[in-house]
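To start, the structure itself, in structure tokens.
The values are calculated or read from the model by the stated rules, or taken from the named source; none is laboratory data. This one's a predicted model, so the numbers in the text were calculated from it and none came from an experiment. Because the Cβ atoms are built from the backbone with ideal geometry, glycine has one as well, and the counts that use them run over all protein chains shown. Areas reflect the complete protein model, heavy atoms only, side chains present, ligands, DNA and RNA absent. Shrake-Rupley method; radii C 1.70, N 1.55, O 1.52, S 1.80 Å.
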Amino acid sequence: MIVGTHLLMGVVHRDAFIWDPEIGMRSLGAYLESLGVDLGGWDLWSATGISADGKTIVGYGENPLHQEEAFIAVIPEPATAVLVGFGLAGLAVTGRRRKV
């Protein structure tokens, strides 16, 4: 699998994509929604990395508050529920640490 950013010519629009040899290129957001994931108002702009097993995808996009933020999507085996956590990578990127 390959992930990246699809830029539409002449239009200021970016869309994260996922590609595999069986299906080809498709929107990452549409792919996640086809698995039953509610994106909750997120607009996925760019997928910047994917794990070797294709189950973890990272990138950035626009959160429901219209702020640019990192995301991580973890896709488990088809027999289990899909878990998607957005913004977790954003906290790591900012370098904030929780004091105990």
Label-point separation, residue 68 to residue 20 (7 Å along Cα→Cβ), nm: 3.1
In Å², nearest 10: area of residue 50 left accessible to a 1.4 Å probe: 50
Heavy atoms of residue 45: accessible area, 1.4 Å probe, square angstrom to 10: 40
